[in-house]
């Protein structure tokens, strides 16, 4: 044997042919009756076979562990890449917003300067006209004075009396005590201008913020199509799965556990269990509809109270207005009929947001939601909307300027 001394027990000078499982060391026969008397002992071959099996398991696990870490590295790189893209987009959006605000301030300054100049111009015109009028009066009075002086030097009585009779009546003149020009009054002008600027800036900031927010969520747009296996028998879907409208008859369709039996609901084929997603639905010229997201286990047979507690996060439009279905329901202000609705979901953050795409306005957000199963985009019609009403259309997002 090579290096036999390494295979000998240092204490008993005997061959190391056994293994102590308690202290995980090789021992000789004498060790088993002395220091390792109460410890479980096996042969080197038995321990070798056991450790070899463990080593094979470790060897099999290592590539998987390497693959998992490589995947983590790739995910981290993707996160950094997305973060950089988000940062660049934020800088660009910030520059756009600030440029717009600067233009608004410059416009306010131009308006203020124009108003002050116009007031000054009106004052100068008024003064110019008054000066011309007074100069004309001076000229008329000077001529009259010359005539009077010339007549006063006449010694011929007949000529004097004849000339005096033809002497013109004095020209009309202003009362000099009332001649004045009021200078422009600028007190409060700047304050009113700043108040108007503040109002414009607040409106501009709100609009730009809405546009920026809509642009951010639109980048998470997903391509979804309606699932005919979930559609209520009265619903009619387009061939491409992008449109749905209500029919006038109940179709006899294959029964399955996915189909809604009582209400005219339909889900998409695609579901989402993590991350963020966004889709838009055109509801143009249609008054009664509902849309949002539903969890996979939603009741599809009987009636259901449409609330987050029952797995529905939906926006409802009806003849009375716009409502987010909750307990209690949240009535929402609406300035005009919705033409296109955007729905954004952050699964991990528990957020569902709705947007008026045409007006670029945030409508409502449900926060603090708890999602524990896949979510499906959800559309719903009602017979109150009429069978000839326009369809709901899942349409691609048009990037907001």
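The values are calculated or read from the model by the stated rules, or taken from the named source; none is laboratory data. Small disclaimer: the values here were computed from a predicted structure and weren't measured. FYI the Cβ positions are ideal-geometry reconstructions off the backbone, even for glycines, and counts take in every protein chain you see.
Here's the yes/no breakdown for (1) in the same structural domain as residue 206 (by TED's automatic domain parsing); (2) in a helix (DSSP H, G or I); (3) closer than 30 Å to residue 214 by Cα:
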position: 89; (1), (2), (3): no, yes, yes
position: 94; (1), (2), (3): no, yes, yes
position: 104; (1), (2), (3): no, yes, yes
position: 109; (1), (2), (3): no, yes, no
position: 114; (1), (2), (3): no, yes, no
position: 126; (1), (2), (3): yes, yes, no
position: 136; (1), (2), (3): yes, yes, no
position: 139; (1), (2), (3): yes, yes, no
position: 154; (1), (2), (3): yes, no, no
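In region 307-326, what residues are modelled with pLDDT under 90 and either in contact with a helix residue (DSSP H, G or I) (Cβ under 9 Å, 6 or more places away or on another chain) or in a loop (DSSP other than H, G, I, E, B) (or both)?
Filtering region 307-326 down to residues modelled with pLDDT under 90 leaves 318-321.
Hits for region 307-326 are 318, 319, 320.
Find the residue count for region 287-296, including only residues that are part of a strand (DSSP E or B) and either under 18 Å from residue 341 (Cβ atoms) or not assigned by TED's automatic domain parsing to the domain that holds residue 381 (or both).
Step one: filter region 287-296 for residues part of a strand (DSSP E or B), giving 289-295.
Narrowing the set further to residues that are either under 18 Å from residue 341 (Cβ atoms) or not assigned by TED's automatic domain parsing to the domain that holds residue 381 (or both) leaves 289-294.
Residues that pass the stated criteria total 6.
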(message) Against the definition (over 23 Å from residue 215 (Cα atoms), modelled with pLDDT under 95 and touching a strand residue (DSSP E or B) at 6+ places or on another chain (Cβ under 7 Å)), how does residue 391 come out, yes or no?
(response) yes
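Please find, among 349, 358, the residue that is over 22 Å from residue 325 (Cβ atoms), assigned by TED's automatic domain parsing to the domain that holds residue 269 and either touching a strand residue (DSSP E or B) at 6+ places or on another chain (Cβ under 7 Å) or modelled with pLDDT of 90 or more (or both). Explain how you work it out, then say what you get.
On the way: 349 fails: over 22 Å from residue 325 (Cβ atoms).
Matching residue, one of 349, 358: 358.
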(request) Could you tell me which of the residues 240, 248 is outside any helix (DSSP H, G or I), more than 30 Å from residue 93 (Cβ to Cβ), more than 33 Å from the chain's Cα centre (by Cα) and in the same structural domain as residue 389 (by TED's automatic domain parsing)? (result) 248
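Given the criterion at pLDDT below 80 and within 56 Å of the chain's Cα centre (by Cα), identify the matching residue among 189, 230.
Numbers: 230 fails: at pLDDT below 80.
Going through 189, 230 in turn, the sole match is 189.
For (1) assigned to a loop (DSSP other than H, G, I, E, B); (2) touching a strand residue (DSSP E or B) at 6+ places or on another chain (Cβ under 9 Å), each residue gets a yes or a no:
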site: 217; (1), (2): no, yes
site: 232; (1), (2): yes, yes
site: 236; (1), (2): no, yes
site: 254; (1), (2): yes, no
site: 267; (1), (2): no, yes
site: 277; (1), (2): no, yes
site: 280; (1), (2): no, yes
site: 285; (1), (2): yes, no
site: 298; (1), (2): yes, yes
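Search region 327-338 for residues being assigned to a loop (DSSP other than H, G, I, E, B) and in contact with a strand residue (DSSP E or B) (Cβ under 7 Å, 6 or more places away or on another chain), and hand back the single one that is nearest to residue 206 (Cα to Cα).
So the first thing to find is which residues in region 327-338 are assigned to a loop (DSSP other than H, G, I, E, B), and the list is 327-329, 333-338.
Narrowing the set further to residues that are in contact with a strand residue (DSSP E or B) (Cβ under 7 Å, 6 or more places away or on another chain) leaves 329, 334, 338.
Numbers: 329: 26, 334: 17, 338: 19 Å.
Out of the qualifying residues, it is 334.
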(request) Six or more apart or on different chains, Cβ under 7 Å: which pairs go from a residue in region 324-337 that's surrounded by 14 or more Cβ atoms within 10 Å (Cβ to Cβ) to one that's assigned to a loop (DSSP other than H, G, I, E, B)? Could you list them? (result) 325/306; 325/307; 326/307
(request) For region 290-301, indicate whether the set of residues that are within 30 Å of residue 319 (Cβ to Cβ), modelled with pLDDT under 90 and out of contact with any helix residue (DSSP H, G or I) (no Cβ under 9 Å at 6 or more places or on another chain) is non-empty. (result) yes
